[in-house]
Ligand SMILES: Nc1ncnc2c1ncn2[C@@H]1O[C@H](COP(=O)(O)OP(=O)(O)O)[C@@H](O)[C@H]1O
Ligand SMILES: [Mg+2]
C-alpha cells in the first residue's frame, strides 16, 4: 500500500482542508459579533461547534479590529482555576511582549494582585495571580472585566467564546459572570456554546436564572449533501482514489450530514479502497463501524427503561411523525400519557429531540445501529 495518509479525520476540532463549508454560519457569526450581540450556539456533541468557533477565531484574528478569546470550560474545575486560565488567555491574546502586558494589567486591575511569570522548557511564558480567599470575588470580577477594559482602551471589539458553557453550572459563578458581562454592552460580544441542550435550556430559559433571555439563539445545521460531495470527491481525487456520488448519497442518508459520522464513515471507506469504491466496501465499512460503536450504544441502551426503549423504536417506525395519532398508538401498545412522559425523559437525556413536530434521535448513527440490531 502507499504511504499516503487518510484524508478524512474524525475526533477533535478540524481546520484548514479538513474543514468543510459552514460559509453561511461564519458570515452570520461575523455579522452578529460586529454588532456586539451575545449568542448561544447549541448543537449535539461532535457536530462541529468547536471547529466552527475556532474558524471564526482564526478569521477574525486577521482583522486588527478584533481580539478573540477562546475559553474551554470543560477542563476547569473551580473558580481559582478559571481566574488563572482566563487571565492567561487574555494576556496571551492581547500583547506579545510580556513586560508590557504586566504593566498594562497592573494599571487596569483594581486590586493589583501579584502577577508572577514562569517560563516553561520551551520558553513559553505563563502567568499566575496570587489571590487570597478574601480577594477571590474581586479578582474574578476584575479578570472578567479585562476584555471590556481592553476593548475600550484600545478601541477594539473583543469577542469571548465560552465553549462547553454548560459546565458553568458546576463552577458556581453564573450570577457573577452575568452581572459583570451585562455591563460590557457592544464592546464585547460573548458566544456561549455547548452540547447539553437540557442544561443550556435551563440556564437561558428559566426566569429565575441570571442568563434568562440574554442571548440570540444561533442555529447550526448539518452540512448539506452538495457541500459534502465536493469535499469528499476532492479528498478521494487528491489521493488517487475514486468514489461515485451514489455512495456519498447513501452514506449521507444514514448520517443526515452529521459531520463526525460523515468523516468517520468516509475514513473507513477510504481505508478499504484501493482505487474505486464499490458496494461491498460500503457495506463492510458500515458493518465495521457498527461493531466499533457497539459498546458505546449498548451502554446507552441498557441504561434505558423498557418504555424508553419502546418509544425510541416507535419514533423510528413512525419516522418521528404523528406519534400521538390513535392508529399509531394502538399499534405500539403505548398510552398517550406514558409516551408523553417517556419522550420528555428521552429529551432530557439528550437522546432524542423534536424539530417542526417531528421527533428524531439526536445521534443518527444510533438510529442506524438500532435499525440493524
Ligand atoms: N466543518 C466541518 N467539516 C468537516 N468535518 C467536520 C466539520 N466540523 C466537524 N467535523 C467533524 O466532526 C468532528 C468533531 O468536531 P468538533 O468541532 O470537535 O465538534 P463539537 O465541538 O461540536 O463536539 C471533527 O473531528 C470532524 O470529523
Ligand atoms: Mg467541542
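Since every read-out is calculated from the coordinates, none of them should be taken as a lab result. Model, not experiment: these values are computed from the prediction. Ideal geometry is used to build each Cβ from the backbone, glycine not excepted, and the neighbour counts take in all protein chains shown.
Odds and ends about this structure:
- Residues residue 152 and residue 221, FRET efficiency given R0 of 41 Å [Cβ-Cβ distance, rounded to 0.05]: 0.70
- Over all distinct Cα-Cα pairs of the stretch 225-293, the Kirkwood formula returns a hydrodynamic radius of 11.8 Å.
- Extents of the chain, taken as max minus min of Cα coordinates on every principal axis and listed largest first, are 68, 58, 36 Å.
- Each peptide in 71-83, 3-15 was scored by the mean count of other Cβ atoms within 10 Å over its residues; highest first, the order is 71-83, 3-15.
- Relative to the dominant Cα principal axis of the chain, helix 98-108 is inclined by about 80°.
- Using a cutoff of 8 angstrom between alpha carbon atoms and counting only pairs six or more residues apart, the relative contact order for the chain works out to 19 percent.
- Principal semi-axes of the equivalent ellipsoid, √(5λ) from the alpha carbon gyration tensor of the stretch 1-105, are 28, 19, 17 Å from largest down.
- Sequence-distant contacts, meaning Cα pairs under 8 Å at least 6 residues apart, place the relative contact order of the stretch 22-219 at 33 percent.
- As a size descriptor, the averaged projected area of the C-alpha convex hull of the stretch 22-219 was calculated at 11.4 nm².
- Whether the stretch 304-371 is rounded, prolate or oblate, judged on the alpha carbon gyration tensor where a/c under 1.5 counts as rounded: rounded
- Among 357, 59, 18, the largest mean-square fluctuation in a Gaussian network model of the chain (Cα springs under 10 Å) belongs to 357.
- Relative to the longest principal axis of the Cα atoms of the chain, the long axis of helix 279-302 lies at roughly 60 degrees.
- Considering only the chain, percent of DSSP beta bridges that pair antiparallel, nearest 5: 30 percent
- Residue of 154, 105, 94 that the Gaussian network model of the chain assigns the largest fluctuation, springs spanning Cα pairs under 10 Å: 154
- Shown is the FRET efficiency for residue 62 and residue 171, computed with R0 = 30 Å from the Cβ-Cβ distance and rounded to the nearest 0.05: 0.40.
- Considering every alpha-carbon pair of the stretch 240-362, the percent of pairs per 10 Å bin, from zero through the bin containing the longest distance, is 11, 35, 27, 20, 6, 1.
- The chain: most fluctuating residue of 277, 159, 125 per GNM, C-alpha cutoff 10 Å: 125
- Degrees between helix 225-238 axis and first principal axis of the chain (Cα, 0 to 90, nearest 10): 90 degrees
- Shape call, the stretch 34-81: gyration tensor on alpha carbons, a/c limit 1.5: oblate
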